[in-house]
Amino acid sequence: MSAPLIISARRVHTLDADAPPASFVAIDGDHIVGVGGPEERAAFEGPETRIADFGDATVVPGLNDSHLHPVWGLELARGMDLTDAGPLEAVRRRVAEEARRGAPWILGWGLDPNVFGPEGPSGRVFDDAAGGRPLFLRLRDAHSAVAGTAALEAAGVTGAEEFADGSEVAPGADGRPTGYLKELSAMDLVARHIPAEPVQERAGRLVELLTAMARTGLVSAHVMDFAEGTREVVELVESRGDLPIRLRFSPMVPPGASLEELREAAALQRRGGRRWHVEGAKFMIDGTVDNGTAWLERPDALGESRAPLWRDPEAFREALRFFIDRGVPTATHAIGDRAVRCVLEAIASAPPKVRARAPHRVEHVETVPDDTVAAFAELGVVAGMQPVHATRQTCADGSDNWSRRLGPERAARGWRCRDLREAGVAVALGSDWPVTPFDARAVIADTVLRRPVERPDLAPVQPDQALDMRMALEGYTTHAALVAGHERVAGRIRPGYRADLTVLGADPLACTPEELAAAPVLATVLDGRIQRHL
Ligand SMILES: [Zn+2]
């Protein structure tokens, strides 16, 4: 039992609407016991009390990223970081350098599909640069990759493969695969031949990654998978020390899952360690607009995005109900308007009392019409959104792949954070790392500006959907707690709640988005334990 702790700072934002301004948080063990101003503070001070004075700083509830893939992401982010790698020629040069370095496989991630031009993604265009070595580059949406000819040969991929879900090995004009692999089952044909990274190395990289996340103010995160090997890695980390942030894993239920697979995901619920646990089930009803694998009411400009990843939407509904009926929280990746509607209909099929037992959320929600916004509110369904995909991967002039495929009408309905909030829907924010960078300060700033915070030269995308700073902060705190069903223990600074805090060098409710993005994170507090970052 440690001595009581008082965290003091110039401002403490409890995010309780009716709470008076505060300047200290009192902590006993892993939970908050008091918060308030100078008059209240004396009651918590004794000879044993430790005091951490953060001077002019601002304390907010611990920031939570509501959608990311930190462990699976170690796999997704192996090799060259090709985020912003530039035009195709520049990517080819990087590949050639990597080949000269002698790596047995040329791996990369974060590649922008727009670099390939009208021909679309292909692995063959890297064959010369790769000099005969197998190449596997993941595109930035994490839903697709390009493999070079040598990699396809090593994996025995011929283009004749068939999939139980909407995955595809894209054929070229000559009938041979181009190396463009769409969706997880297609990518896995090649990915499983890449030599695995030893678990010791993965554990080391995970700690580095989570430490970097904590330095941006994150205290916890909702992990939208419990990918193979995750348990081994997190258990190894916890056998040596603490995870730098708390992780809540929702296992992925694959399209077309059998009853056995549903039972397995249900059996994992509440398993965990000190700073991680399994909670919820993650579904994917469609892919992405960029790949033409989203599920839209009307096909996109190339005639694609017309089908769900679950070949049988009725089977999806039944699988989702399996969890809803058991009171297990669900989260479904749904990007296209038809996909989102399908999820809402599946949730609506459960009696109101049954669906109220746990929060049910839709992830991404990239383009939806007005009646869908209203349906979220009516059903009490919550949204997990990444407006940072809009700011980092689309352009206001509509010249990018996402906007061109959707056309102006549907692109104008992109990432409707503001409309959902104003309809009364909880909107939790996240980065979807490794799809987009995880810095919580930058995601909040982008969400308010609707453009990359470091690019004042760019016009905002769908600027009427911008959140204000308070709403964006709520997306990382109170609303993040709501979408996980944790609103009685997390997301606010209130007696009885978890002692999870973020200490910032700027006041997010008084500074500009640019100032927040540049503000130092002095410390994060997790379960009452201070991690200083400066
Ligand atoms: Zn994701």
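Evaluated against (1) touching an Asp or Glu at 6+ places or on another chain (Cβ under 8 Å); (2) over 21 Å from SER66 (Cβ atoms); (3) of a type in the set (A, V, I, L, M), ALA294 falls short on exactly one condition, (2). Somewhere in segment 234-248, is a residue within 16 Å of the ligand (Cβ to nearest atom), closer than 25 Å to LEU309 by Cβ and hydrophobic (A, V, I, L, M, F, W, C)? No, segment 234-248 contains no residue that is within 16 Å of the ligand (Cβ to nearest atom), closer than 25 Å to LEU309 by Cβ and hydrophobic (A, V, I, L, M, F, W, C). Inspect segment 383-394 for any residue being touching a residue at least 24 places away in the same chain (Cβ under 8 Å), assigned to a loop (DSSP other than H, G, I, E, B), away from the ligand (no atom under 16 Å from the Cβ) and surrounded by fewer than 20 Cβ atoms within 10 Å (Cβ to Cβ) and give the result as yes or no. Within segment 383-394, none of the residues are touching a residue at least 24 places away in the same chain (Cβ under 8 Å), assigned to a loop (DSSP other than H, G, I, E, B), away from the ligand (no atom under 16 Å from the Cβ) and surrounded by fewer than 20 Cβ atoms within 10 Å (Cβ to Cβ). Would you pick out the residues in segment 238-291 that are closer than 19 Å to CYS342 by Cβ, more than 17 Å from the chain's Cα centre (by Cα) and not in a loop (DSSP other than H, G, I, E, B)? Residue satisfying the conditions is LEU262 alone. When ALA173, ALA155 are checked against the criterion of being farther than 22 Å from ALA307 by Cβ and modelled with pLDDT under 90, ALA173 stands alone in meeting it. Taken together, GLY62, GLY55, GLY79, GLY46 contain a single residue that is under 24 Å from the mean Cα position of the chain (by Cα), away from the ligand (no atom under 16 Å from the Cβ), of a type in the set (Gly, Ala, Ser) and surrounded by fewer than 21 Cβ atoms within 10 Å (Cβ to Cβ), which is GLY79. Taking the criterion of being in a loop (DSSP other than H, G, I, E, B) and free of Cβ contacts under 8 Å to residues at least 12 places away in the same chain, the only residue of segment 343-359 that qualifies is PRO351. Here VAL425, VAL340, VAL362, VAL435 are screened, and the one residue that is of a type in the set (A, V, I, L, M), assigned to a helix (DSSP H, G or I) and either surrounded by 22 or more Cβ atoms within 10 Å (Cβ to Cβ) or away from the ligand (no atom under 16 Å from the Cβ) (or both) is VAL340.
Exactly one residue out of ALA142, ALA170, ALA221 is in contact (Cβ under 8 Å) with a residue 40 or more places away in the chain, buried (at least 24 other Cβ atoms within 10 Å of the Cβ) and not basic (Lys, Arg), and it is ALA221.
The values are calculated or read from the model by the stated rules, or taken from the named source; none is laboratory data. Quick caveat, the model's predicted, so the values are computed rather than measured. We place every Cβ from the backbone using ideal geometry, glycine too, and count neighbours over all the protein chains shown.
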